[in-house]
1. Going by what's in this entry, would D763 be described as more than 20 Å from T667 (Cα to Cα) and open to solvent by 40 Å² or more (accessible area, probe 1.4 Å)?
2. Can you list residue pairs whose Cβ atoms sit under 6 Å apart, with the first residue in segment 799-818 being farther than 15 Å from T879 by Cβ and at pLDDT 50 or above and the second being among the hydrophobic types (A, V, I, L, M, F, W, C) and not in a helix (DSSP H, G or I)? Count only pairs 6 or more apart in sequence or on different chains.
3. Among the residues of segment 865-874, is any farther than 18 Å from F805 by Cβ, assigned to a helix (DSSP H, G or I) and either at pLDDT 85 or above or open to solvent by less than 10 Å² (accessible area, probe 1.4 Å) (or both)?
4. Here are E700, E684: which of them is over 18 Å from G505 (Cα atoms) and modelled with pLDDT under 95?
5. Among Y255, Y237, which is open to solvent by 20 Å² or more (accessible area, probe 1.4 Å) and among the aromatic types (F, W, Y)?
6. Quick one: which of I442, I398, I419 is over 23 Å from M126 (Cβ atoms), part of a strand (DSSP E or B) and at pLDDT 90 or above?
7. Say whether the condition of being aromatic (F, W, Y) and either in contact with a strand residue (DSSP E or B) (Cβ under 6 Å, 6 or more places away or on another chain) or under 23 Å from H668 (Cα atoms) (or both) is met by at least one residue in segment 515-531.
8. Do we find that P304 is at pLDDT 95 or above, surrounded by 15 or more Cβ atoms within 10 Å (Cβ to Cβ) and either farther than 19 Å from V434 by Cα or out of contact with any His (no Cβ under 9 Å at 6 or more places or on another chain) (or both) in this structure?
Amino acid sequence: MPNKNGLKKNKIFYNRIIMKKVFLATTVLMFSLVCVKAQQKMVPASVRNADTSAPVNRAPMMGAKPGPRPYKDVITDKAISSKGLFNVHKVDEKYYFEIPDSLLGRDILIVSRILKAAAGVRPSAMGFAGDQINESVIRFDKGPNNKLFLKNISFQEYSKDSSANGMYRNVKNSNLQPIAASFDIKAFNFATPVSKDSTSGKDSNRGKDSSIVIDITDFCSGDNDIFFFDGQVKSLYRLTGVQADKSYINSITAYPLNVEIKTTKTYNATQAPAPGGGGMGGSVPATYELNTSIVLLPKVPMKPRYFDSRVGYFATGYVDFDKNPQGVERVSMITRFRLEPKDEDIEKYKRGELVEPKNPIVYYIDPTTPQKWIPYLMQGVNDWQGAFEKAGFKNAIIAKEAPVNDSTWSLEDARHNAIIYKPSPIANASGPHVHDPRSGEIMETHINWYHSVMTLIHHWYMVQTAAVDPGARKMVYDDSLMGQLIRFVSSHEVGHTLGLRHNYGSSSTVPVEKLRDKNWLKIHGHTPSIMDYARFNYVAQPEDGITRDGLFPRIGDYDKWAIEWGYKWLPDFKNDTAENAFFNKWIVDSLKANQRLWFGTETDMLDPRCQNEDLGDNAMKAGAYGIKNLKRILPQLEEWTKQPNEGYNDLGTMYKEVVNQFGRYMTHAAKNIGGMKTTPKSIEQGGVIHEFVPKATQKEAMAFLQENLFTTPEWLINRRYSLLTGVDPYSTISLLQEAQLDRLFNRAIGYGFLKFEAWKGDDAYTLPEMWNDLKKGIWSELNTHKPIDIYRKSLQKSYVDKLSFMITGPSSRSEASPMMVSTMPMSARYNELPGLAKAHGKQLVAEIKAAMPFYSDARTKAHLQDMIDLINAAIKTATKND
């Protein structure tokens, strides 16, 4: 899933609100992460279903509202009806749902999306046509006094033990599902009545296939957080009350397995504050066309497959009160489509023959997509067919163009998977999905494909491969090249919708030198997983003769294995214990045989193997090759970015992209310093789970930073480019250096060094040793007495700022966020780290004072004196606070 830093933060926040996934590791959440509301948790039918069989007295009560009327008096001959999941009738301006008894107590999925978005009030990367704005599970249940209740269902706790001493009753009593809406029953329809009483609705008088009629008009024409915007999403969009006189129902149509509601809603939208402050903006109307899909969930949930942290799937789950006889257990299930062989092919499947599934996974392409890109988007879907063959299915996943001139088909219909093309300046794409919270079964997905994602992948490809691929050396790529780039992003997003999370660790299983081996790359590709953020092979050098096949990502070994693990049909396990043993052995044996199947989560802030945008098993070696290519690219940018009748904006953009790519190489190396590798294992695997990055590797990373970053990277300074574009090399280099100093003086990283020392003793790379290595490079002029130029002064000032903050000590837990904060005891955070920093500061002051007599220019002496004053002030403050 492509992202920029700011966009990524917005998307993460948005996904947390809508998806609220159990994003273990999740997946995004990432993504990377998918837009759905609360992930409801699994409860068995015995707990979920209200007792709908008990007789209900529907006789009108004295003083009560009039009861149900005869069916023909409500659903008159004026009715315009559509038949499906339940029948929908329009009588004059009223809409009625006719809900059969067979659907009472059944779990029904509600998915709401934007059909047409409001102009001028879009919040950041959200608010486009096709965006999901809500998801919930409801149930219709009978109530007293001729009422039908709509309940909003939660699946958070589970117990099936209904024995005398079991937990079932307690769990049920503590999980009364909320009534979200109540409807007067307007009429009963008795398809095959057993008595002539057609109005009372008494169960003794009701026959087979009877149904209940309710008036849904006010519920659909008004506003609620079941059918329309989720409350938190509405807040994010800055929407307040709905304007009733400007809101209405467009249509309600029934289909065999779903009902589709289309409405127009006009909300009051609060405008964002004007730049520079001045309070909140005024309120303006915001009109949306919305689609609400009502989809029946399977009566019998799909058999779940349980989550394992060694295979990267999104997950949903519940608290199980039965599994642990002396406590509770959190149970997680992966999200995946239901793939099963046809009944007549079951024996063939068991013999290992490839068979077609009962219901293949079909993706439709938005008909508004530019025609020339449709084949590439479709190919990105169809590329997954080989992975599903590993699971025993052929033609399991198919891309199709959307039907035309078919009034029964809608892109917003929640039964259809789709790739939605959005006219957005946001350079991104995302692959969320909607699933059954009881089992993890994926019900449908709408991939968001933003138009400007092509800009993003163009820039990546140029700065990572232009030294090798002549086709990358221009601002507008040939359609064939851009099409292949689109194909790769499409495959990545489809992987998310199949349930797969980012595998940031996949690329770390590849030896760096293999990335320059043309023959090896033809067979294996540059990373085992398209779900990694590995992008393109920036290690390849011009002399290696590597073609695009060795530069592009592809669906690899890990992806095929993960699909096989998640989708292979295995119906015969007698119980969870046997199933878990089978899957554990499968994983253990697979990882032992092929290290390329390793999964590294996207949420580990400390494991240097788990990074985005990186390649190979050694960040320093890979980064060195990448820098060689950037040094080849940068001098050519003015020529490669020229376009007739244009200025130098493209040159400025690509100059910044080169800087950003260089910064990524620095981050990849820096994560080794103070890093800890985490490898989830079962007891059958042997070996340790947690291990610190070896001291030698950490020192190698430090030397890499000193050579390439803290020694001013003068090759990045192009004065002509600066004069043409306004890109400031001084601030550019200062920001690159400051970013890595932030990590090296981060308190959570510092505490990690203390843990390393406690665990490893003399073999540890200690915090004072790391700081001294850092100081030797950044303050090398103190020993050589060489002049200190403007770039070095800025670096040294940044160094002292970070050190001073470490000396004064944290004022809150959040200052150590996001790394390891939960593992940092108060004593270490408030005493040991500031004390070590204070000692380091005193040592640096002494060295500066010793060097000052060797400098005669006033500017350098002022700089050094300022550094002394800042350190002493921090020490004084810390001492006073103590």
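The values are calculated or read from the model by the stated rules, or taken from the named source; none is laboratory data. Computed from a prediction, not measured in an experiment: that's the story for all the values here. Here the Cβ positions follow ideal geometry from the backbone for every residue, glycine too, while neighbour counts run over all protein chains shown. Surface accessibility is based on the protein's heavy atoms, side chains included, excluding ligands, DNA and RNA. Shrake-Rupley method; radii C 1.70, N 1.55, O 1.52, S 1.80 Å.
1. Values: more than 20 Å from T667 (Cα to Cα): yes; open to solvent by 40 Å² or more (accessible area, probe 1.4 Å): yes.
The answer is yes for D763.
2. From segment 799-818, the pairs are K802/F745.
3. Residues of segment 865-874 farther than 18 Å from F805 by Cβ: 865.
This time we only want the ones that are assigned to a helix (DSSP H, G or I), so: 865.
Subsequent filtering for residues that are either at pLDDT 85 or above or open to solvent by less than 10 Å² (accessible area, probe 1.4 Å) (or both) retains 865.
Within segment 865-874, one or more residues are farther than 18 Å from F805 by Cβ, assigned to a helix (DSSP H, G or I) and either at pLDDT 85 or above or open to solvent by less than 10 Å² (accessible area, probe 1.4 Å) (or both).
4. Working: E700 fails: modelled with pLDDT under 95.
Going through E700, E684 in turn, just one is over 18 Å from G505 (Cα atoms) and modelled with pLDDT under 95: E684.
5. On the way: Y237 fails: open to solvent by 20 Å² or more (accessible area, probe 1.4 Å).
Checking each option against the conditions leaves just Y255.
6. On the way: I442 fails: over 23 Å from M126 (Cβ atoms); I419 fails: over 23 Å from M126 (Cβ atoms).
Every option except I398 fails the conditions.
7. Narrowing segment 515-531 to residues aromatic (F, W, Y): 520.
Retained after the next criterion (residues that are either in contact with a strand residue (DSSP E or B) (Cβ under 6 Å, 6 or more places away or on another chain) or under 23 Å from H668 (Cα atoms) (or both)): none.
No, that holds for no residue.
8. On the way: at pLDDT 95 or above: no; surrounded by 15 or more Cβ atoms within 10 Å (Cβ to Cβ): yes; either farther than 19 Å from V434 by Cα or out of contact with any His (no Cβ under 9 Å at 6 or more places or on another chain) (or both): yes.
No.
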